[in-house]
Amino acid sequence: RPGQRWTMRIAALSGREQIIFLSDRSAIDAADRMRSDFVANASHELRTPLAAILGYVETLQDMNGETDGPTRHRFLSIIEREARRMQQLVIDLLSISRVEADRFRRPTTPIDLAAIVQTTIAQLRDSEHPRAKDVVAKLGDNPQPMLGDEAQLAQLAHNIISNAMKYGHAGTPVTVELAREGSRVRLSVTDEGDGIAPDHLPRLTERFYRVDEARSRSVGGTGLGLAIVKHISERHQGQLDIDSEVGKGTRVSVTFPLAAKG
Ligand code: ADP
(Lines give C-alpha, C1' and ligand atoms only; values in the text may rest on other atoms or scores of the structure.)
Protein backbone atom coordinates (compact mmCIF):
# COMPACT_ATOMS: atom_id res chain seq x y z
CA ARG A 1 0.00 0.00 0.00
CA PRO A 2 1.22 3.56 -0.57
CA GLY A 3 3.11 4.88 2.43
CA GLN A 4 3.50 1.45 3.99
CA ARG A 5 6.93 0.70 5.39
CA TRP A 6 8.42 -2.54 6.60
CA THR A 7 11.38 -3.35 8.78
CA MET A 8 13.15 -6.62 8.08
CA ARG A 9 15.36 -8.45 10.54
CA ILE A 10 17.19 -11.64 9.68
CA ALA A 11 18.36 -14.04 12.37
CA ALA A 12 20.54 -17.01 11.63
CA LEU A 13 19.32 -20.23 13.21
CA SER A 14 22.07 -22.54 12.08
CA GLY A 15 24.48 -22.60 9.22
CA ARG A 16 21.79 -22.94 6.55
CA GLU A 17 18.55 -21.83 8.26
CA GLN A 18 17.48 -18.26 8.78
CA ILE A 19 14.40 -16.59 10.25
CA ILE A 20 13.16 -13.38 8.67
CA PHE A 21 11.14 -11.01 10.89
CA LEU A 22 8.98 -8.52 9.03
CA SER A 23 7.36 -5.74 11.04
CA ASP A 24 4.89 -3.23 9.71
CA ARG A 25 6.62 0.10 10.39
CA SER A 26 3.59 2.09 9.24
CA ALA A 27 1.47 0.65 12.10
CA ILE A 28 4.22 1.54 14.60
CA ASP A 29 4.50 5.05 13.07
CA ALA A 30 0.70 5.51 13.32
CA ALA A 31 0.75 4.51 17.01
CA ASP A 32 3.65 6.94 17.64
CA ARG A 33 1.75 9.71 15.86
CA MET A 34 -1.40 9.02 17.90
CA ARG A 35 0.60 9.16 21.11
CA SER A 36 2.25 12.47 20.25
CA ASP A 37 -1.10 13.95 19.06
CA PHE A 38 -2.59 12.93 22.41
CA VAL A 39 0.21 14.61 24.37
CA ALA A 40 -0.13 17.75 22.25
CA ASN A 41 -3.94 17.84 22.69
CA ALA A 42 -3.72 17.20 26.43
CA SER A 43 -1.11 19.96 26.84
CA HIS A 44 -3.25 22.37 24.87
CA GLU A 45 -6.35 21.52 26.95
CA LEU A 46 -4.40 22.13 30.18
CA ARG A 47 -2.73 25.30 28.92
CA THR A 48 -6.01 27.11 28.20
CA PRO A 49 -7.42 27.12 31.78
CA LEU A 50 -3.93 27.63 33.18
CA ALA A 51 -3.46 30.80 31.10
CA ALA A 52 -6.83 32.11 32.34
CA ILE A 53 -5.92 31.41 35.98
CA LEU A 54 -2.53 33.15 35.68
CA GLY A 55 -4.12 36.08 33.83
CA TYR A 56 -6.74 36.70 36.52
CA VAL A 57 -4.26 36.24 39.39
CA GLU A 58 -1.90 38.78 37.79
CA THR A 59 -4.77 41.25 37.29
CA LEU A 60 -5.76 40.92 40.94
CA GLN A 61 -2.13 41.44 41.98
CA ASP A 62 -1.72 44.51 39.70
CA MET A 63 -4.85 46.06 41.15
CA ASN A 64 -3.20 45.71 44.50
CA GLY A 65 -6.34 45.80 46.62
CA GLU A 66 -8.03 48.50 44.54
CA THR A 67 -10.71 46.17 43.14
CA ASP A 68 -14.18 46.46 44.60
CA GLY A 69 -15.78 43.45 46.30
CA PRO A 70 -17.99 42.26 43.38
CA THR A 71 -15.13 42.45 40.84
CA ARG A 72 -12.81 40.51 43.13
CA HIS A 73 -15.54 37.96 43.70
CA ARG A 74 -16.12 37.57 39.95
CA PHE A 75 -12.41 37.10 39.23
CA LEU A 76 -12.08 34.53 42.03
CA SER A 77 -15.10 32.61 40.67
CA ILE A 78 -13.47 32.43 37.24
CA ILE A 79 -10.20 31.24 38.79
CA GLU A 80 -12.10 28.56 40.70
CA ARG A 81 -14.02 27.41 37.61
CA GLU A 82 -10.84 27.13 35.53
CA ALA A 83 -9.00 25.30 38.32
CA ARG A 84 -11.89 22.81 38.56
CA ARG A 85 -11.74 22.30 34.81
CA MET A 86 -8.03 21.45 35.11
CA GLN A 87 -8.78 19.14 38.02
CA GLN A 88 -11.43 17.23 36.02
CA LEU A 89 -9.09 17.00 33.04
CA VAL A 90 -6.30 15.54 35.20
CA ILE A 91 -8.78 13.03 36.72
CA ASP A 92 -9.95 11.98 33.23
CA LEU A 93 -6.39 11.75 31.89
CA LEU A 94 -5.41 9.47 34.78
CA SER A 95 -8.56 7.37 34.21
CA ILE A 96 -7.89 6.88 30.54
CA SER A 97 -4.29 5.85 31.11
CA ARG A 98 -5.33 3.41 33.87
CA VAL A 99 -8.10 1.89 31.74
CA GLU A 100 -5.71 1.54 28.81
CA ALA A 101 -3.09 -0.14 30.97
CA ASP A 102 -5.72 -2.71 32.05
CA ARG A 103 -7.01 -3.46 28.59
CA PHE A 104 -5.60 -6.97 28.24
CA ARG A 105 -6.59 -8.06 31.76
CA ARG A 106 -9.99 -9.74 31.54
CA PRO A 107 -12.12 -9.05 34.63
CA THR A 108 -12.80 -12.20 36.67
CA THR A 109 -15.01 -10.94 39.52
CA PRO A 110 -18.79 -11.62 39.35
CA ILE A 111 -20.61 -8.33 39.88
CA ASP A 112 -24.22 -7.09 39.97
CA LEU A 113 -24.50 -4.42 37.27
CA ALA A 114 -27.92 -3.23 38.49
CA ALA A 115 -26.52 -2.48 41.95
CA ILE A 116 -23.58 -0.57 40.45
CA VAL A 117 -25.86 1.52 38.23
CA GLN A 118 -28.21 2.16 41.17
CA THR A 119 -25.31 3.44 43.31
CA THR A 120 -24.06 5.65 40.48
CA ILE A 121 -27.52 7.22 40.10
CA ALA A 122 -27.73 7.76 43.88
CA GLN A 123 -24.34 9.51 43.82
CA LEU A 124 -25.43 11.77 40.96
CA ARG A 125 -28.58 12.62 42.96
CA ASP A 126 -26.48 13.37 46.08
CA SER A 127 -24.21 15.66 44.07
CA GLU A 128 -27.22 17.98 43.72
CA HIS A 129 -26.83 18.09 39.97
CA PRO A 130 -29.63 20.35 38.71
CA ARG A 131 -30.92 17.56 36.46
CA ALA A 132 -30.67 14.70 38.95
CA LYS A 133 -34.45 14.67 39.47
CA ASP A 134 -34.94 13.95 35.74
CA VAL A 135 -33.27 10.52 35.97
CA VAL A 136 -35.74 7.64 35.60
CA ALA A 137 -34.29 4.21 36.46
CA LYS A 138 -35.75 0.99 35.03
CA LEU A 139 -33.28 -1.56 36.33
CA GLY A 140 -35.51 -4.55 37.11
CA ASP A 141 -35.11 -6.62 40.26
CA ASN A 142 -33.35 -9.63 38.82
CA PRO A 143 -29.64 -9.55 39.58
CA GLN A 144 -27.75 -10.56 36.44
CA PRO A 145 -24.18 -11.48 37.28
CA MET A 146 -21.47 -10.57 34.82
CA LEU A 147 -17.70 -10.58 35.18
CA GLY A 148 -16.48 -7.06 35.67
CA ASP A 149 -14.43 -4.39 37.32
CA GLU A 150 -16.82 -2.61 39.66
CA ALA A 151 -15.07 0.78 39.72
CA GLN A 152 -14.70 0.88 35.94
CA LEU A 153 -18.32 -0.08 35.30
CA ALA A 154 -19.45 2.61 37.74
CA GLN A 155 -17.37 5.10 35.78
CA LEU A 156 -18.83 3.89 32.47
CA ALA A 157 -22.38 4.33 33.83
CA HIS A 158 -21.50 7.73 35.31
CA ASN A 159 -20.05 9.04 32.05
CA ILE A 160 -23.03 7.97 29.92
CA ILE A 161 -25.68 9.15 32.40
CA SER A 162 -23.95 12.48 33.05
CA ASN A 163 -23.65 13.09 29.29
CA ALA A 164 -27.41 12.58 28.94
CA MET A 165 -27.90 15.06 31.79
CA LYS A 166 -25.50 17.56 30.20
CA TYR A 167 -26.80 17.38 26.63
CA GLY A 168 -30.48 16.53 27.21
CA HIS A 169 -32.97 19.37 27.61
CA ALA A 170 -33.76 20.54 31.13
CA GLY A 171 -36.97 19.03 32.48
CA THR A 172 -37.03 16.08 30.05
CA PRO A 173 -36.42 12.53 31.30
CA VAL A 174 -33.08 10.75 31.25
CA THR A 175 -34.04 7.08 31.16
CA VAL A 176 -31.57 4.50 32.42
CA GLU A 177 -32.54 0.95 31.55
CA LEU A 178 -31.10 -2.53 32.09
CA ALA A 179 -32.52 -5.30 29.94
CA ARG A 180 -31.54 -8.91 29.54
CA GLU A 181 -31.11 -10.06 25.95
CA GLY A 182 -30.49 -13.81 25.91
CA SER A 183 -27.02 -14.34 27.35
CA ARG A 184 -26.26 -10.62 27.37
CA VAL A 185 -27.33 -7.57 29.34
CA ARG A 186 -27.87 -4.15 27.82
CA LEU A 187 -27.41 -0.90 29.71
CA SER A 188 -29.01 1.98 27.84
CA VAL A 189 -29.38 5.67 28.59
CA THR A 190 -31.85 7.72 26.57
CA ASP A 191 -32.19 11.49 26.60
CA GLU A 192 -34.34 14.06 24.88
CA GLY A 193 -31.87 16.63 23.66
CA ASP A 194 -30.53 18.20 20.48
CA GLY A 195 -29.25 14.87 19.20
CA ILE A 196 -26.09 14.35 17.16
CA ALA A 197 -25.77 14.60 13.35
CA PRO A 198 -24.82 11.25 11.71
CA ASP A 199 -21.42 12.42 10.42
CA HIS A 200 -20.20 13.02 13.99
CA LEU A 201 -21.26 9.62 15.35
CA PRO A 202 -18.21 7.57 14.27
CA ARG A 203 -15.82 10.06 15.89
CA LEU A 204 -17.47 10.56 19.31
CA THR A 205 -15.23 8.04 21.08
CA GLU A 206 -12.01 9.72 19.89
CA ARG A 207 -10.15 11.47 22.67
CA PHE A 208 -10.99 15.17 22.83
CA TYR A 209 -13.53 14.96 20.00
CA ARG A 210 -16.54 17.20 20.66
CA VAL A 211 -19.43 18.14 18.39
CA ASP A 212 -19.56 21.64 19.85
CA GLU A 213 -16.45 22.58 21.81
CA ALA A 214 -17.95 25.68 23.46
CA ARG A 215 -21.04 23.73 24.58
CA SER A 216 -18.92 20.91 25.99
CA ARG A 217 -16.76 23.40 27.92
CA SER A 218 -19.75 25.28 29.29
CA VAL A 219 -21.23 22.08 30.73
CA GLY A 220 -17.87 21.05 32.20
CA GLY A 221 -16.91 18.42 29.60
CA THR A 222 -13.33 17.33 28.91
CA GLY A 223 -13.90 15.47 25.63
CA LEU A 224 -12.59 12.24 27.22
CA GLY A 225 -15.81 10.76 28.65
CA LEU A 226 -16.80 8.56 25.72
CA ALA A 227 -13.20 7.54 24.98
CA ILE A 228 -13.07 6.18 28.54
CA VAL A 229 -16.46 4.45 28.01
CA LYS A 230 -15.17 2.78 24.85
CA HIS A 231 -12.06 1.40 26.56
CA ILE A 232 -14.01 0.11 29.58
CA SER A 233 -16.60 -1.46 27.28
CA GLU A 234 -13.91 -3.22 25.21
CA ARG A 235 -12.20 -4.59 28.33
CA HIS A 236 -15.56 -6.16 29.28
CA GLN A 237 -16.20 -7.51 25.76
CA GLY A 238 -19.05 -5.04 25.50
CA GLN A 239 -20.57 -3.51 22.42
CA LEU A 240 -21.12 0.26 22.41
CA ASP A 241 -23.94 1.67 20.25
CA ILE A 242 -24.88 5.33 19.86
CA ASP A 243 -28.19 6.09 18.13
CA SER A 244 -29.26 9.66 17.75
CA GLU A 245 -31.71 11.81 15.90
CA VAL A 246 -31.16 15.53 15.49
CA GLY A 247 -33.87 17.49 17.28
CA LYS A 248 -35.08 14.43 19.21
CA GLY A 249 -32.38 12.93 21.38
CA THR A 250 -29.77 10.28 21.88
CA ARG A 251 -29.55 6.72 23.14
CA VAL A 252 -26.20 5.34 24.23
CA SER A 253 -26.10 1.66 25.07
CA VAL A 254 -23.52 -0.91 26.01
CA THR A 255 -24.24 -4.65 25.79
CA PHE A 256 -22.16 -7.03 27.91
CA PRO A 257 -21.99 -10.82 28.00
CA LEU A 258 -23.42 -12.29 31.22
CA ALA A 259 -21.27 -14.67 33.25
CA ALA A 260 -21.66 -18.27 32.06
CA LYS A 261 -23.43 -20.47 34.62
CA GLY A 262 -20.75 -22.52 36.28
P1 ADP B 1 -17.54 15.75 26.80
O2 ADP B 1 -16.68 15.79 28.00
O3 ADP B 1 -17.28 16.88 25.83
O4 ADP B 1 -18.99 15.57 27.12
P5 ADP B 1 -17.53 13.01 25.74
O6 ADP B 1 -16.36 12.22 25.25
O7 ADP B 1 -18.30 12.48 26.90
O8 ADP B 1 -16.97 14.47 26.00
O9 ADP B 1 -18.52 13.21 24.51
C10 ADP B 1 -17.98 13.68 23.28
C11 ADP B 1 -18.99 14.59 22.59
O12 ADP B 1 -20.11 13.80 22.19
C13 ADP B 1 -19.57 15.70 23.47
O14 ADP B 1 -18.74 16.84 23.46
C15 ADP B 1 -20.91 15.96 22.79
O16 ADP B 1 -20.70 16.82 21.68
C17 ADP B 1 -21.30 14.58 22.24
N18 ADP B 1 -22.26 13.88 23.12
C19 ADP B 1 -22.00 12.92 24.03
N20 ADP B 1 -23.12 12.46 24.61
C21 ADP B 1 -24.14 13.16 24.06
C22 ADP B 1 -25.58 13.17 24.24
N23 ADP B 1 -26.17 12.36 25.12
N24 ADP B 1 -26.29 14.04 23.46
C25 ADP B 1 -25.70 14.86 22.57
N26 ADP B 1 -24.35 14.90 22.37
C27 ADP B 1 -23.59 14.07 23.10
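The values are calculated or read from the model by the stated rules, or taken from the named source; none is laboratory data. Everything numeric here is computed off the predicted structure, so don't read it as measured data. With ideal geometry, Cβ positions are generated from the backbone for all residues, glycine too; neighbour counts draw on all protein chains shown. In case anyone asks, the SASA skips ligands and DNA or RNA and just uses the protein heavy atoms, side chains included. Shrake-Rupley method; radii C 1.70, N 1.55, O 1.52, S 1.80 Å.
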If I model a spin label at Ile20 and Ser97 as a point 7 Å from the Cα along the Cα→Cβ vector, what separation in nanometres do I get? 4.0 nm
Scoring the chain by relative contact order with C-alpha pairs under 8 Å, at least six apart, yields a percentage of 16 percent
Would you compute the Debye intensity of the stretch 106-201 from its alpha-carbon atoms alone, equal scatterers and no solvent, and pass along log10 I(q)/I(0) at q = 0.12, 0.13, 0.14, 0.21 Å⁻¹ to two decimals? -0.40, -0.47, -0.54, -1.07
Given axes a ≥ b ≥ c from the Cα gyration tensor, I'd like to know whether the chain is rounded (a/c under 1.5), prolate (a/b larger than b/c) or oblate. oblate
What number in nm² do you get for the stretch 109-163 if you take the convex hull of its Cα atoms and divide its surface by four? 3.7 nm²
So if each residue of separation counts as 0.36 nm, and I subtract the Cα-Cα distance between Asp243 and Glu58, what length gain in nm does that give? 62.0 nm
Tally of Lys pairs whose C-alpha atoms are under 25 Å apart, taken over the chain, 8 or more apart or cross-chain: 9
Cα pair distances exceeding 22 angstrom across the stretch 21-123, given as percent: 61 percent
For the stretch 85-168, run through the trypsin sites (Lys or Arg not before Pro) and keep only the ones in DSSP coil with at most 13 other Cβ atoms within 10 Å of their Cβ. Arg103, Arg105
Accessible area expressed per residue, the chain, with surrounding protein chains retained (probe 1.4 Å, Å²): 60 Å²
Report the equivalent ellipsoid semi-axes for the stretch 188-253 in whole Å, largest first, defined as the square roots of five times the eigenvalues of the gyration tensor built from alpha carbon atoms. 19, 16, 10
Check each of the chymotrypsin sites (Phe, Trp or Tyr not before Pro) in the stretch 30-118 and keep only those in coil by DSSP with at most 14 other C-beta atoms within 10 angstrom; list them in order. Phe104
Check: C-alpha center the stretch 108-159 vs C-alpha center the stretch 31-88, spacing in Å is 33 Å
What is the diffusion coefficient of the stretch 80-135 in µm²/s, taking the Kirkwood radius over Cα pairs and the Stokes-Einstein relation at 25 °C with a viscosity of 0.890 mPa s? 173 µm²/s
Quick note, the stretch 133-262: a/c under 1.5 would make it rounded; otherwise a/b > b/c is prolate and the rest oblate (a ≥ b ≥ c, C-alpha gyration tensor); here it is prolate
Antiparallel %, DSSP beta bridges [both residues in the chain], to 5: 90 percent
